[in-house]
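Below: the structure, in structure tokens.
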Ligand code: ATP
Ligand code: MG
């Protein structure tokens, strides 16, 4: 059990389990804080309590958040709430007694006492109190570094690190609701044992897919609290429910449990044994799959997620409430967004209010992907051949599967490569004959033909715009050769450049699941980026560096229609309505061109150029290899792909482009 387990080791460990449920429990065991980590945190809290008591008499330091909400992981921060209520009372008492002792004495008492004496907590601003907290941390707590007051945050905090203990911490002073919702998460965990492994698994999945993380560093991502609420909401919506609606919990609470915090009803039973266990008997394996299914189909745009009610509420109700509240003294409604998840207690707060549409879309798409995978046998059954199975495949990092991180700028720089093997045999006899005399130039001339053909596939068959800029990144002393259908191309010294084998998906060989899953995995894996280390269980994949290419072209491609979608259907229709039966399924160049035209027409084609292109991306077309492993490669660099459109296009091009290119080469003159 190591705090810094590598993804490879984690994958290996999980694959040894015997069931998905066991894998999920294993994640908890591997990630949760160890006993010694817990006692270290407790010691630090005790030390802070002692120091702060010196300056803030009768204050309380309370831990909340992941250190104590039962969703702890090794690296989680230490969230602390400095409760100054008693200190305020203490100060008011002291003020009263000094005032009674005579006017002017209060001022004197303030300057003599601790540093708190310089501040009246009843009137000080949160920023002033935070500055004081920061000063105490800096000056009086051994081992504390990097102290920084962040007053501008929604919930102002003082951040610090404890170098020796390897801990990051936050101290807040206005966060009573968070202490209460932490208690609520603890309660839910004790209500049903399935919640914890589910949350750990989904948190790790979301982290790998760059959907959730620290909002300070990661852009508009889901925070862990919001993600946990999404899991709990899903569990409230099982039939029968795994967790009760918060409204029901509140109703089941006793008089002693009553709790109003900052004006919000935060009542729930403190003792979980008062509540009946869930009648739901679904196992973790199926619940995880159902989670992905649930959110892949969820109508985020039209609903508000309410854990209090335990169901989705129509967003329309909130729109009118917002209007009514306008100008009145009524409490403001939640900030509605692409994803609206109401806090179970602070009902005017959307915990996912920081998300943008892109993150919401990515979340839904990743859920769809995961749901698809969970339908395969690979997910459900341990591989008899020692292959990667179960939850492990859900954890492939997003960057490694070609998509753009949800919070960041997109897929720029991703190395998405399509390889076209050197097959001069596909050229007509006469051309081949002519080329063979050309010695080393043979490959370049073949490449020129390939570029011509690829250009025609984009422009002619798929009705895309292709901007051919001058060659960049070309090497060698020779000038542009002009080969390649009007493209400028520079040719370098045709020395043999050894490369790895062309990009092939080794994954198909590894699949041991149903044909459906096999196909999904196979095509998905082909999308693997060449960046970074390959995910566990995948074959080493080649990279190509333009610096190694014998020739490179730089193009920009604009796609105006979803030419990859519905092709099969449109093709079928065309064949049915066409004059004869001569057209083979899969289509020739003409048929495919017609398919595109039909798609463009149905999408309201013709307006191209007026509106912005649906997709725009760079394509580097390179000639690689020596005498034996010559090939043309196309590297795609999408600007951003939050919508996943590029990924779909790339998916389609992977088989379509080489096939069509080949057909056009066969006709080359
Ligand atoms: P981790 O620190 O591992 O990311 P965490 O649950 O501690 O997980 P933090 O962002 O540190 O997450 O937040 C600490 C606590 O503050 C949460 O557990 C939750 O109780 C509360 N909290 C965080 N974000 C919100 C929010 N948007 N609305 C309400 N409470 C929140
Ligand atoms: Mg935290």
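The values are calculated or read from the model by the stated rules, or taken from the named source; none is laboratory data. As the structure is a prediction and not an experimental result, all values here were calculated from the model. Reconstructed Cβ throughout: ideal geometry from the backbone, glycine too, with neighbour counts over all protein chains shown.
Structure above, values below:
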{"read-out": "Top-ranked residue in segment 224-236 [being farther than 15 Å from residue 362 by Cα and within 11 Å of ligand 1 (Cβ to nearest atom); ranked as surrounded by the most Cβ atoms within 10 Å (Cβ to Cβ)]", "value": "228"}
{"read-out": "Matching option when the condition is closer than 23 Å to residue 37 by Cβ, within 16 Å of ligand 2 (Cβ to nearest atom) and at pLDDT below 95, among 213, 169, 218", "value": "213"}
{"read-out": "Only listed residue being assigned to a loop (DSSP other than H, G, I, E, B), more than 16 Å from ligand 2 (Cβ to nearest atom), within 30 Å of residue 23 (Cα to Cα) and in contact (Cβ under 8 Å) with a residue 24 or more places away in the chain, chosen from 269, 334, 244", "value": "244"}
{"read-out": "Any hit, segment 140-161, residues being away from ligand 2 (no atom under 15 Å from the Cβ), in a helix (DSSP H, G or I) and more than 30 Å from residue 269 (Cβ to Cβ)", "value": "yes"}
{"read-out": "Residues of segment 38-81 that turn out to be within 12 Å of ligand 2 (Cβ to nearest atom) and in a helix (DSSP H, G or I), as a count", "value": "4"}
{"read-out": "Any hit, segment 243-256, residues being within 15 Å of ligand 1 (Cβ to nearest atom) and either at pLDDT 95 or above or over 23 Å from residue 68 (Cα atoms) (or both)", "value": "yes"}
{"read-out": "Subset of segment 31-69 (residues that are surrounded by 14 or more Cβ atoms within 10 Å (Cβ to Cβ) and within 24 Å of residue 198 (Cβ to Cβ))", "value": "31, 32, 33, 37, 38, 63, 64, 65, 66, 67, 68, 69"}
{"read-out": "Answer from 105, 91 - the residue that is modelled with pLDDT under 95, touching a helix residue (DSSP H, G or I) at 6+ places or on another chain (Cβ under 6 Å) and more than 9 Å from ligand 1 (Cβ to nearest atom)", "value": "105"}
{"read-out": "Residue selected from segment 301-310 under the condition out of contact with any strand residue (DSSP E or B) (no Cβ under 8 Å at 6 or more places or on another chain) and modelled with pLDDT of 95 or more, by the criterion surrounded by the fewest Cβ atoms within 10 Å (Cβ to Cβ)", "value": "309"}
{"read-out": "Single condition residue 463 does not satisfy, out of (1) in contact with a helix residue (DSSP H, G or I) (Cβ under 8 Å, 6 or more places away or on another chain); (2) over 16 Å from residue 556 (Cβ atoms); (3) at pLDDT 75 or above; (4) not in a helix (DSSP H, G or I)", "value": "(2)"}
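Yes/no per residue for (1) more than 16 Å from ligand 2 (Cβ to nearest atom); (2) surrounded by fewer than 18 Cβ atoms within 10 Å (Cβ to Cβ); (3) within 15 Å of the chain's Cα centre (by Cα):
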site: 344; (1), (2), (3): yes, no, no
site: 350; (1), (2), (3): yes, no, no
site: 371; (1), (2), (3): yes, no, no
site: 376; (1), (2), (3): yes, no, no
site: 381; (1), (2), (3): yes, yes, no
site: 385; (1), (2), (3): yes, yes, no
site: 398; (1), (2), (3): yes, no, yes
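For every residue, the table says whether it meets (1) crowded, with 17+ Cβ neighbours inside 10 Å; (2) in contact with a helix residue (DSSP H, G or I) (Cβ under 9 Å, 6 or more places away or on another chain); (3) within 30 Å of residue 359 (Cβ to Cβ); (4) modelled with pLDDT of 80 or more.
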site: 626; (1), (2), (3), (4): no, yes, no, no
site: 629; (1), (2), (3), (4): no, no, no, no
site: 639; (1), (2), (3), (4): no, yes, yes, no
site: 645; (1), (2), (3), (4): no, no, yes, yes
site: 666; (1), (2), (3), (4): no, yes, no, yes
